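Accompanying notes for the structure given below.
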Amino acid sequence: MARSVANHEFVSTFIFRIMFRRDVKTIRELLMQNLRIQGLETPLLQKRLIESWPLIAGELIARYTTKVSLYNQTLYVYISMPALRADLSMRRQEYVAKLNNHVGAQIIADIRFF
């Protein structure tokens, strides 16, 4: 008898969970899901990545940045100071990781400085 009561409680709990399970999502998750369905998630993340360059690079580097563009998972950054360009080229993988982490997705694979 005790076994059937325990079995009954398990079944009741299981049915209750199925009937009242709510797939609660945040507004951000719903928006990103909708953008993904419409094929707009990647362009939005690319734009966020480009706009985050001054924040991630810092004020000094941003001051010497003349143009930032993205093509085929490569970020092209135009720097007006040759010495800074050489220094940034040596640390490009660090900036790739920081930028991708900032937007929360693998958007770029490389950075080229010109």
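Take the residues in the stretch 16-49 that are within 21 Å of GLN93 (Cα to Cα) and open to solvent by less than 60 Å² (accessible area, probe 1.4 Å), then tell me which one is modelled with the highest pLDDT.
Checking each candidate, the answer is LEU49.
Six or more apart or on different chains, Cβ under 9 Å: which pairs go from a residue in the stretch 97-114 that's within 14 Å of SER69 (Cβ to Cβ) to one that's loosely packed, with under 13 Cβ neighbours inside 10 Å and of a type in the set (D, E, K, R)? Could you list them?
That search, which allows pairs on different chains as well, returns PHE114/LYS67.
When you check SER52 against the structure, is it at pLDDT 95 or above and surrounded by 10 or more Cβ atoms within 10 Å (Cβ to Cβ), yes or no? Before the answer, list the steps.
Numbers: at pLDDT 95 or above: yes; surrounded by 10 or more Cβ atoms within 10 Å (Cβ to Cβ): yes.
Considered against the rule, which asks whether it is at pLDDT 95 or above and surrounded by 10 or more Cβ atoms within 10 Å (Cβ to Cβ), SER52 comes out as yes.
Within the stretch 55-82, can you find the residues that are hydrophobic (A, V, I, L, M, F, W, C) and open to solvent by 70 Å² or more (accessible area, probe 1.4 Å)? Don't jump to the end; show me each part of the working.
Taking the stretch 55-82 and keeping what is hydrophobic (A, V, I, L, M, F, W, C), we get 55-57, 60-62, 68, 70, 75, 77, 79, 81.
Of everything in the stretch 55-82, those that are hydrophobic (A, V, I, L, M, F, W, C) and open to solvent by 70 Å² or more (accessible area, probe 1.4 Å) turn out to be LEU55, LEU60, MET81.
Across the stretch 84-114, what is the number of residues that are of a type outside the set (Lys, Arg) and open to solvent by 70 Å² or more (accessible area, probe 1.4 Å)?
Just the residues of the stretch 84-114 that are of a type outside the set (Lys, Arg), to begin with: 84, 86-90, 93-97, 99-111, 113-114.
Narrowing further to those that are open to solvent by 70 Å² or more (accessible area, probe 1.4 Å): 90, 93-94, 101-102, 106, 114.
Selection size over the stretch 84-114: 7.
The values are calculated or read from the model by the stated rules, or taken from the named source; none is laboratory data. Bear in mind that the values here come from a model prediction, so they are computed numbers and not experimental data. So basically every Cβ, Gly included, is an ideal-geometry build from the backbone, and we count neighbours across all protein chains shown. These accessible areas exclude ligands, DNA and RNA; they are computed on the full protein's heavy atoms, side chains included. Shrake-Rupley method; radii C 1.70, N 1.55, O 1.52, S 1.80 Å.
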